[in-house]
Structures are given as structure tokens and as C-alpha cells.
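The values are calculated or read from the model by the stated rules, or taken from the named source; none is laboratory data. Keep in mind that this is a model prediction, so the values were computed, not measured. Cβ placement follows ideal geometry from the backbone for every residue including glycine, while neighbour counts extend to all protein chains displayed. Side chains included, ligands, DNA and RNA excluded: accessible areas come from the protein's heavy atoms. Shrake-Rupley method; radii C 1.70, N 1.55, O 1.52, S 1.80 Å.
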Amino acid sequence: MPNENQSELRKLPSVEKVLSSPELAADIERYSHPVVTATVREIVDKIRDNVSKGGQTPPLDAILEMVKYHLIIEWPGLLEPVINATGIILHTNLGRAPLSAAAVEVLSKLLGGYYALELDLATGERGVRAQSMEKLLQIANGAESALVVNNNAAAVLLVLSTLAKGREVIVSRGELVQIGGGFRVPEVMAASGAILREVGTTNQTFIRDFETAVSDQTAMLLAVHRSNFAIRGFTHDASLPELKELAKQFDLPLIYDLGSGAIIDTATFGMTHEPTIGEALASGADIVCISGDKLFGGPQCGIILGKKFYVDRLRRNPLLRALRIDKYAAIALTATVLQYLKGQAAELPVYRMMGETLDNLTRRADVLVENLATADFSAEVTDGESLAGGGSLPDETLPTRLVVVAVKGSMDEFCRKLRLGTPPVMGCVREGKFVIDLRTVFPDQDTILVNAIADAGKSKH
Ligand SMILES: *Cc1c(COP(=O)(O)O)cnc(C)c1O
């Protein structure tokens, strides 16, 4: 090895020396000592490799810079709230529905201590898990019985496994849907041990198709809401009342996987009418399954509502133990349902965002444009559309006001910097411009958003 590289190697600081630099104190506080140590070691090793091949040892502040950058790349957004400037209200990759302030308050009050999750305080005996939550759900939805599990996929799996294992479930070919990355009706069916009996065609299914398929092997009729797509043109579906009639005739349960259960009619916000939970139950479905974190506006969970006769059978399935709702979600859901019962549904973030008026959005957008101008960004306000998202309301959009920002330099770099900032920011890119929809930005984040954009415009990484 040449002599000058021996001297370069001697310049290489030790891992301990880099770690003890005051510049990393905040990173150690944020990511912990072991995490930062591992990163420093990796960087120092890399430099040593490079130096032994004839490279130079960078100065300490450059090494610190590398460590900091590496930490950001390795642990992006760790425990930081993301600013959602996409206008997609139920953004699946950003955790769907944000919880209400009331739910968050209850969580912070209860989570650090004990809660009578499975204890009946009236008798002092062991109780049903989160029983008050299920009783509140019953009342809020006018349902005979309610049961909550980990998510809606679990709800459907539990229903199929309990009521149809080894027997046939009749479903329209137009409803063999896939939701998000994982939930596919035929695969959940297979996992449950039920046998899929598909009828009709992609675009046309009639009640007589169901009728012909009924046999002594039939366990149930299943309707699945087309949550994230629409079929238009030459179409026909068997209606729920028709299915109910048929189910009754053969004494079969009618199960409705509604997916996104709205309690408030989305038409009141100027969107297309999405079937509400009340309507789904009233249509005669014996069991309705929904996601808690879609239009219901609560935590991740699967809510099963309907006839006590069937729900009681679900309760006895040993699978329930593996699919049950966790303590945190149970508490958050209880608080959310109470808000519905108190007539405070409009305060849930999902409905707040849907209800945000164009006047308000315009006012906020104008202020944002002004503040961005101060930060040397040229931006303008235009008309646009917000999306419900989360596999809800496929065609459904809300008129909104967009802030369209011109970005100097690489757009990819700019977006990456925004994503890696603190807090991270997610927006959209359209026609070479960065597009912000303030509908999904909480008003108290407007100023933080300006600072984040200003930082992304100038910061090094
Ligand atoms: C969203 C959805 C599901 C899956 O619900 P998760 O809560 O994500 O498990 C199942 N079926 C339908 C119709 C849906 O819309």
C-alpha cells in the first residue's frame, strides 16, 4: 500500500470519535445510540475501503454529513406525521382515515394505563372483549348484533370460514374484486375453505343466474361492493332485494361485503351516493362487513353487523382469537362510535375534509401562493378535483382548488427532498408542476408546508 494512503488512513476518525461529535447528538436522541453507531460504522468502513484503494479521507464534517444523509435515507419519516397534499382523503399508503381529535384524546388518556378491556366492572367478572364498543355499534347502526375484528379482510374471512367452510358461496362474476395489494375475493374464499361458485358474467348477472346455481351444497349468497372500480355500459346486477328474496326462499344467509361503510350520505358533500351502512342493513343483508378506517373514519378494523343468529356463530369460531381487534383500535373505535351517537360525525377528519368549502380552500390556497412567493416560488391557484380514495367511490371526486407550483431543477429531486424532509410531504406532479391540494392538509399544517417547500428548494440532499 503506498505511503500517502497510510497517512490518509491515519486521518480516518474512529467510530467513537464520529459518534461523540455534538452534531450527531440530535440524531442519537431521535434514532437511538445503536442505530446511529451502526450507520457511522458503515460509513467509516466504506471510507476505509475507498482509502485503501487509493482514495482520500474526507474531512470530519463531510463524514458527519454522510452519516446524517444515510440516517434519513435509512429511516425516512420515522414517527413523523406526513403532510398529505395529494387531495386523496383515504390515502391507503398513508394509513387511510386520520382519527378524530376526540379519539386521540381518549387514546392518550387510556393507553398509558389499564382499561377494562375484558372485564365486566359491574360484576367484577371476566367480560366480553370491548363489549361496550359492540353495544354502541349496534345502537349507532340499528343492527341486531355487532362484532369487530382486525380488518375487513378478517371479517370476510371469519364469515366465510364460519358459515361456508366446505360448501359453496355464490358470487357474481362482476364482483370478484381485488382491493389494494392483498384482498382478492377468490383468494380469501380459498383461504377460508369455502368453495367459490361464480355466476353470471363480468358485466351482466341476473337473479336467475343465482337461482340456477343454488343446490344443497350452497351455504350463502355473497354480494361484494365494487369499492374501487365501476362497470359502465351494458350492465346488469341482481339487486339486493332480489338476492334477499332468493336467500329467504332457500333459507340461506345473504352476506354483503360493503367495504367502505359510510354513515353520512356522501351525496350531502356533492359526491355520488355511496350505499350507507343503514341502507345495506335495511336492504335485507343478514350480515354486512365494513372497514373501520375507510368512510367510517375510525381506526383499522373490520366491523360485522347484522343478525344475532349469525353473529353469535361467528363469535364461537376459534379463528376469532387470531383475528380479534387490538386494544388500541377498540378504544379508538369506541370513541369514534360515540361521536356518531352524539351527532358529532361531521367532526371526524374524513367528513371535515369532504365538507371543506371551496371558499375556505381558495382562501388558504391564496395565502399559500403568497407565502411561497416570499420563498421565491412561483405558484398559482387553479380548479381541480379531490379524491375520496382508499378504494372508496371509484369515480368520485370533489371540486377543489389546487396550488400549482413551478419548480426549478429536477422535479424528481424536489419531490424526493420533500418526502425525506421533517415532516415528510406528499404531493402530486402534473404537467411538470408540483400540485398541492389543501383539502387533505390540516389547516395548522399550512405554514409548515410552506417551510418544507422552501427547504426542499434549497437543501443539499
Ligand atoms: C376495503 C375492502 C376490503 C378490505 O378491507 P380491509 O379493511 O382493507 O381489510 C374488502 N372488501 C371490500 C369490498 C372493500 O372495499
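If the cut-off is a Cα-Cα distance under 21 Å, which lysines reach Lys408, setting aside same-chain residues fewer than 8 apart in sequence?
Reachable lysines: Lys417, Lys433, Lys458, Lys460.
May I ask for log10 I(q)/I(0) of region 229-371 at q = 0.10, 0.17, 0.19 Å⁻¹, from a Debye sum over the Cα atoms as equal point scatterers with solvent left out?
Treating every Cα as an identical point scatterer, log10 I(q)/I(0) equals -0.48, -1.10, -1.24.
If you roll a 1.4 Å probe over region 222-273 with all protein chains in place, what percent of the accessible area is carbon or sulfur? All intermediate terms of the calculation are to be shown ahead of the outcome.
On the way: 1330 of 2440 Å².
Carbon with sulfur: 55 percent of the solvent-accessible area.
Which whole-number percent of Cα pairs in region 160-282 have a distance greater than 24 Å?
27
What are the principal axis extents of the Cα atoms in region 177-249, in Å, biggest first?
Dimensions of region 177-249 along the principal axes of its Cα atoms: 37, 35, 18 Å.
When the Debye formula is applied to the Cα atoms of region 114-191, each taken as the same point scatterer, what base-10 log of I(q)/I(0) results at q = 0.23 Å⁻¹?
-1.08
Show me, for region 52-64, the HN-Hα J-couplings you get by feeding each phi into the Karplus relation (A = 6.51, B = -1.76, C = 1.60, θ = phi - 60°), rounded to Hz, glycine and proline as x.
Using θ = phi - 60°, the values come out as 5, 9, x, x, 10, 7, x, x, 4, 5, 5, 5, 4 Hz.
Give me the dipole magnitude in Debye, nearest 20, for region 2-74 about the Cα centre, with unit charges on the beta carbon: positive for Lys and Arg, negative for Asp and Glu.
Its charge dipole is roughly 180 debye.
Run down the lysines and flag those whose C-alpha is under 21 Å from the C-alpha of Lys308, throwing out any fewer than 8 positions away in its chain.
Lys135, Lys165, Lys244, Lys248
Suppose accessible area is computed on protein heavy atoms with a 1.4 Å probe; arrange Phe309, Phe296 from highest to lowest.
Order by accessible area, largest first: Phe309, Phe296.
Please report the relative contact order for the chain, taking Cα pairs under 8 Å with a sequence separation of at least 6, and give it as a percent rounded to a whole number.
20
Taking the DSSP beta bridges in the chain as the whole, what percent of them are antiparallel, to the nearest 5?
60
Report, to the nearest whole %, how much of the accessible area of region 367-431 belongs to carbon and sulfur atoms, 1.4 Å probe, protein only.
The computed percentage sits at 50.
Can you give the Kirkwood hydrodynamic radius of region 2-74 from its Cα pairs, in Å with one decimal? Write down the numbers at each step before the final one.
Values: mean 1/r = 0.0802 Å⁻¹.
Final number for the Kirkwood radius of region 2-74 is 12.5 Å.
D for the chain, whole µm²/s, Stokes-Einstein with Kirkwood Rh over alpha-carbon pairs at 10 °C and 1.306 mPa s: what number?
This corresponds to a translational diffusion coefficient of 63 µm²/s.
Largest first, how would Arg48, Arg10 line up by accessible area (1.4 Å probe)?
Greatest to least solvent exposure: Arg10, Arg48.
Return the tail of the calculated pair distribution for region 342-461, meaning the percent of Cα-Cα pairs more than 18 Å apart.
53
Work out the length of the dipole vector of the chain about its Cα centre, built from +1 on the beta-carbon of each Lys and Arg and -1 on the beta-carbon of each Asp and Glu, and round it to the nearest 20 debye.
Charge dipole of the chain: 960 debye, to the nearest 20.
Find the accessible area per residue for region 100-159; the probe is 1.4 Å, ligands and nucleic acids are left out, and the unit is Å². Spell out each step's value before the answer.
Numbers: 3210 Å² over 60 residues.
On a per-residue basis, region 100-159 sits at 53 Å².
Which three extents, in whole angstrom, do the alpha-carbon atoms of region 101-344 cover along their principal axes, largest first?
Rounded to whole Å, the extents work out to 55, 43, 32 Å.
Compare the Cα positions of Pro299, Asn317, Leu341 along the charge dipole of region 283-341 (+1 at Cβ of Lys, Arg; -1 at Cβ of Asp, Glu; about the Cα centre) and return the one farthest towards the positive end.
Asn317
To the nearest 500 deg cm²/dmol, what mean residue ellipticity at 222 nm is calculated for the chain from DSSP H runs of n ≥ 4 alone, each contributing -39,500 (n - 2.57), summed and divided by the residues?
-12500 deg cm²/dmol
Specify, per residue and in Å³, the volume enclosed by the convex hull of the alpha carbon atoms belonging to region 1-148.
Spread over its residues, the Cα hull of region 1-148 gives 211 Å³ apiece.
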